[in-house]
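Remarks on the structure that follows.
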Amino acid sequence: MSVVDYEALRQVIDIPAPARELLSRPEKQISFALSLPLGDEFFCADAHVVYHNTARGVAKGGIRFDPNVTLEETQDLAELMSMKTALSQIPFGGGKSSIKADPQKLAPLEKDSLIKEFVHMIRKEFFYPLDYVPAPDMGTNPRDMAIIYGETHIPESVTGKPPRNGGLAGRREATGRGVAAVAALAWEQAGGESLAGATCAVQGFGNVGSWTCQFLADRGVCIVGVADIHGGIYDEQGIDIYGLLEHVAAGHLLIDFGPTRISNAELLALPVDFLIPAASGEVLTEQNADSVTTKLIIEAANHPVTSEGDAILAENGVTVVPDILANSGGVVASYLEWRLGKSGAMTTEQETYQVIDKTMAETAGRVWDFADERMTMRTAAWALAVDELVKAMADRGWF
């Protein structure tokens, strides 16, 4: 089942029947077993690579390394990548890959071996034609991307590498930078004045959540709640984000920092100016959407609001800035890294930030200009993305 409701979008834009057929299922996918000896044990894990649509360019999408990931989830994430790149008008298609394993239970060298075996299994079909360009996602990191680069020896075959290994300065912060930039734009669009002093709660303190918190704190936002998988903390005076970063980096649990512990459910219901779900998907559903008190949600995670939850939030007057807009800073930076890898050029961290800020502002502007009283921001973003994909497929003679 598609993440996007193409039938509903026909009320907004023209989607010819062949285009609906092409977009409603993956263009290409492969499933295989990753099998190799690890120490005294024999390890085997399911792995998947999915191309949703490549009309606008090579398939782009991260490698998810998670014990609960499924083929269906990988398909959904590949579809979201097609929408994200099309909305931002980046010349990439949408893809995703996944490995069903717990990276926390593997030693670094064991994980390296699995990543190498992953490359080996798809080398001829995906990497050497450069049809698929992976990047970090849940459970993977820049080191893993450097391992892939070490196997392919092609700089543009993978993005999200460490800067000293051909990566992009500012890439690790890119998604969080984009989320903070969109939050500022959405706050202004909603009639807010300066972000300084606005209150916010962030669910998730991994790469995306932690960088989002830093960029927002630098803008003067009062972040009163932060949570991760273990639970959350609350301080109505504002959490010391840089102190929290040092606390977590030292190996301590997030919940042991700050005056008051709260649950993830309580964090999502905090009375803040805006809420940022930056952890896993489907955390706001028909069961808890009515408990949300904020009027502005910025989707930093992929698909954190279900369609049923989305309907309830819209009915309650909550504006949701969709993931394909809010968290696209990462793929913007990935495109910049991919392009620089092909040319051998260099850029600075501040130049990366400038490209992200400019692209996010232009994309958000198109969404707000297109949206009206008939539709939510999600509908407007999807409509623009699908329209771009339909035109790209038509230009290539796919229908």
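All of the numbers you see were taken from the coordinates with simple rules; none came from a lab. Computed from a prediction, not measured in an experiment: that's the story for all the values here. Neighbour counts run over all protein chains shown; Cβ positions are idealised from the backbone, glycine included.
When each of the peptides 263-270, 125-132 is scored by the mean number of other C-beta atoms lying within 10 Å of its residues, the order from highest to lowest reads 263-270, 125-132. Dipole magnitude for the range 26-164: computed about the Cα centre from +1 point charges on Lys and Arg Cβ and -1 point charges on Asp and Glu Cβ, it is near 520 debye. Please identify, among Thr285, Thr363, Thr260, the residue showing maximal mean-square fluctuation in a Gaussian network model of the chain using a 10 angstrom Cα cutoff. Result: Thr260 has the largest fluctuation of those listed.
The calculated FRET efficiency for His230 paired with Ser31, based on their beta-carbon distance and R0 = 22 Å, is about 0.10.
Could you grab the relative contact order for the range 231-385? Cα pairs under 8 Å, six or more apart, rounded to a whole percent.
Numbers: 190 pairs, mean separation 24.5, N = 155.
Result for the range 231-385 is 16 percent.
Helical content of the chain, expressed as a calculated mean residue ellipticity at 222 nm, amounts to -13000 deg cm²/dmol (DSSP H runs of 4 or more residues, -39,500 (n - 2.57) each, divided by residue number, nearest 500).
Among Ala380, Ala311, Ala146, the largest mean-square fluctuation in a Gaussian network model of the chain, built with springs joining Cα atoms closer than 10 Å, belongs to Ala311. Measuring between their Cα centroids, the range 209-249 and the range 1-52 lie 34 Å from each other. In terms of the mean number of neighbouring beta-carbon atoms within 10 Å, the peptides 238-244, 222-228, 298-304 order highest first as 298-304, 222-228, 238-244. About its Cα centre, the chain has a charge dipole of approximately 1320 debye under the convention of +1 per Lys or Arg Cβ and -1 per Asp or Glu Cβ, with nothing else charged. When Met121, Met346, Met145, Met138 are sorted by how many other C-beta atoms sit within 10 angstrom of their C-beta, beginning with the fewest, the order is Met346, Met121, Met138, Met145.
Taking every DSSP beta bridge that has both residues in the range 29-165, what percent is antiparallel when rounded to the nearest 5?
Details: 16 of 24 bridges.
Beta bridges within the range 29-165, antiparallel portion: roughly 65 percent.
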